[in-house]
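Below is one structure, written out as structure tokens, with a few remarks after it.
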Amino acid sequence: MSLTATLFDLIKGCPRNIKRRLLRDILLILFVTSGAILAIVMVQGIKTQNDISTALINDSNRLVKKRFKSFTAPLDNTMKLLAKWGESNLLKLDDPELLARQFQALMEIQPAISSIALADTETNEVSLSHHKNQWFLYEHRKGLAITSNLINGKLVNKEENPNDSYNPAQSLWFRGAMTISPAGSLFLTDPHILQGSEEIGITASLSWSKRDTSNNSFISSFSFTIKELMLFMEDLEITENGHILLLQKNGTLLSNIRNNSQQTSTAVSLQKGKNLSEQLLRTVTKKLQEGSGDPNKIISIKNNNSTWWLGFTPLHELTQDVWVAIVIPESDIFSNLRNQWLRFGMLAGSILLAGILMTIFLVRRYSHQLKDLPQQHIDSYGYENEIAALIRAGESSTLEFKSTMRANLKTGKHGKEIELAWLKTVTAFMNSDGGILLIGIEDDGNILGIDADDFANEDKCRLHFKNLINSHIGAESSRFIHLKIVTIHDKTILIIECERVRRPVFLSVGKNEDFFIRSGPSSMKLSMSQMIKYLSER
């Protein structure tokens, strides 16, 4: 018996002998068990992958936000110090040169600040900006705009524009500090072009009032560039090939450095020297635009036949204008896990192969004993070959031939004795080891068919068979008896498959109940005492 032949029979579903059927069933158990274990491991592996990815990206998000807070914390303190000066009437909008020196001192202490501004509710504003090693002071006073340079504490090169239409009260940082931000806390704008430097930046603002008034009549603000933020965060390292991106809520990338007010074509993450492909960048921005910016949701994306894990979180919880995107290639996360999976797969494959080889060995080892196992079933597919093999083997303790179901071939009439003869065989099979009864086959193996029984159609034959079983054996035993009507060599024969039944099965004839068992190729009736002994030893 070869493995190839067994697998062929397994695919066809019709093993022709008990050895192959046993081998098929054991192999099926091995494959089903292995498949179930593999499925469980795969499901658990996917869950583990999601858990690891979620934990890594969430940790990275927290790290970025923590670093952002460490970036803004000293600026926040500087802003509060500026507000305290204002509350103490140390900041005077009508003395721009003094204001410029005060602002310059603060900006030299905090070089991340690119500009500081002070405005009141009467459309007056003074702001100092540092750009390309020069200090610029901008004044807006009720329709008059003045631009000056601060050199050695003095304002020089003044230029006036009497047709100034700028109103600081209409700016987002002014309105946000006055109406949106909670009292005493900073308001952060969305990224915008900063005055003077023309770079992309963010403005933080705070409203306050002088001690002699209860109304918040002043707004102070400072601005920092995205470039400064990038330089502060560039040493963050999440994974070897991971990326940290800053984007606006509409998907616009902020972590690109603008050159001459034009965005560069190369998308760079906060990690120095790491480039991100345009295709992957478009996918990330698309996900944010589609509303995937859920801080609790980690998603996987495909790019150039590789898988990346992506997570979003707002940089500042209050405004949520700037979002952080953590993009990590799956290879960075699961390189060690993949090696473990490979080892596990090799181990599982080895165990499965060993199981298959052991199964083949055991079936071969006990093949001589398997020959004695009774056959109780004939597959509907390929039954011709099985029936031919059974006929060649001849009658045995588990196989018997009958010429007809009800016709007496000698008299040409239907005879009750013919029916009882095969019913006796059925009960004997059920009380022994089961077996197969072929009706339409003569004792010498000649295929006769059941034409002599003269059934109008198959349904009439099945009905007659059912009635005989119910009347003489019992309807409760009918589930152990299976009738098949097949055609072989243009002859219709009946296959009656009988299962072994643990409880005793009797053949009822009138008021008598007889107990039969198989004894070689014939059925033998037992007396009451013989039956009791047989059942006790069975």
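Exactly one residue out of Ser148, Ser181, Ser217 is of a type in the set (Ser, Thr, Tyr), at pLDDT below 85 and out of contact with any Phe, Trp or Tyr (no Cβ under 7 Å at 6 or more places or on another chain), and it is Ser217.
The residues of region 220-234 that are part of a helix (DSSP H, G or I), touching a residue at least 60 places away in the same chain (Cβ under 8 Å) and surrounded by fewer than 23 Cβ atoms within 10 Å (Cβ to Cβ), listed by number, are Glu228, Phe232, Met233. Scan region 465-476 for residues that are surrounded by fewer than 16 Cβ atoms within 10 Å (Cβ to Cβ) and under 56 Å from the mean Cα position of the chain (by Cα) and jot them down. Lys466, Asn467, Asn470, Gly474, Ala475, Glu476, listed by residue number. Flag: Leu144 does not match the condition of being buried (at least 21 other Cβ atoms within 10 Å of the Cβ) and within 20 Å of Lys92 (Cβ to Cβ).
So that you can scan it fast, the table gives a plain yes or no per residue for (1) over 26 Å from Asp454 (Cβ atoms); (2) surrounded by fewer than 14 Cβ atoms within 10 Å (Cβ to Cβ):
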| residue | (1), (2) |
| --- | --- |
| Ser478 | no, no |
| His489 | no, yes |
| Ile517 | yes, no |
| Met528 | yes, yes |
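Note on region 488-505: residues that are over 17 Å from Leu463 (Cα atoms) and touching a helix residue (DSSP H, G or I) at 6+ places or on another chain (Cβ under 7 Å) amount to 7.
In region 400-413, the condition of being among the acidic types (Asp, Glu) and crowded, with 19+ Cβ neighbours inside 10 Å is met by at least one residue.
Yes/no per residue for (1) modelled with pLDDT under 80; (2) more than 30 Å from Leu99 (Cβ to Cβ); (3) touching a Leu at 6+ places or on another chain (Cβ under 8 Å); (4) among the aliphatic types (A, V, I, L, M):
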position: Met42; (1), (2), (3), (4): yes, yes, no, yes
position: Asn58; (1), (2), (3), (4): no, yes, no, no
position: Lys65; (1), (2), (3), (4): no, yes, yes, no
position: Phe71; (1), (2), (3), (4): no, no, yes, no
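Restricted to region 241-256, and to residues there that are in a loop (DSSP other than H, G, I, E, B) and more than 13 Å from Ser60 (Cα to Cα), the residue that is modelled with the lowest pLDDT is Asn256. Could you list, in sequence order, the residues of region 151-178 that are at pLDDT 90 or above and either among the basic types (Lys, Arg) or not assigned by TED's automatic domain parsing to the domain that holds Glu125 (or both)? Result: Lys154, Lys158. Scanning region 115-167 for residues that are of a type in the set (Ser, Thr, Tyr) and over 22 Å from Glu199 (Cβ atoms) turns up Thr121, Thr123, Ser165.
For region 498-515, taking the residues that are of a type outside the set (Phe, Trp, Tyr) and buried (at least 19 other Cβ atoms within 10 Å of the Cβ), the one that is farthest from Met430 (Cα to Cα) is identified as Leu507. Listed by position, the strands (runs of 3 or more DSSP E) contained in region 457-538 that have at least 1 residues being of a type outside the set (Ser, Thr, Tyr) and within 17 Å of Ile436 (Cα to Cα) are 481-488, 491-498, 512-519, 522-526.
Report yes if some residue within region 524-534 is closer than 21 Å to Ile418 by Cα and among the polar types (S, T, N, Q); otherwise report no. There is no residue in region 524-534 that is closer than 21 Å to Ile418 by Cα and among the polar types (S, T, N, Q). Would you be able to say whether some residue in region 446-456 is within 22 Å of Ala389 (Cα to Cα) and of a type in the set (S, T, N, Q)? Looking through region 446-456, at least one residue is within 22 Å of Ala389 (Cα to Cα) and of a type in the set (S, T, N, Q).
Consider region 421-456 and keep the residues that are among the aromatic types (Phe, Trp, Tyr) and outside any loop (DSSP other than H, G, I, E, B). The one that is nearest to Glu537 (Cα to Cα) is Phe429. The condition (being in the same structural domain as Ser220 (by TED's automatic domain parsing), at pLDDT 85 or above and among the acidic types (Asp, Glu)) is satisfied by just one residue among Asp95, Asp51: Asp95.
The values are calculated or read from the model by the stated rules, or taken from the named source; none is laboratory data. Remember, it's a predicted structure, so these values are computed and weren't measured experimentally. Positions of Cβ are backbone-derived with ideal geometry, glycine not excepted, and every protein chain shown enters the neighbour counts.
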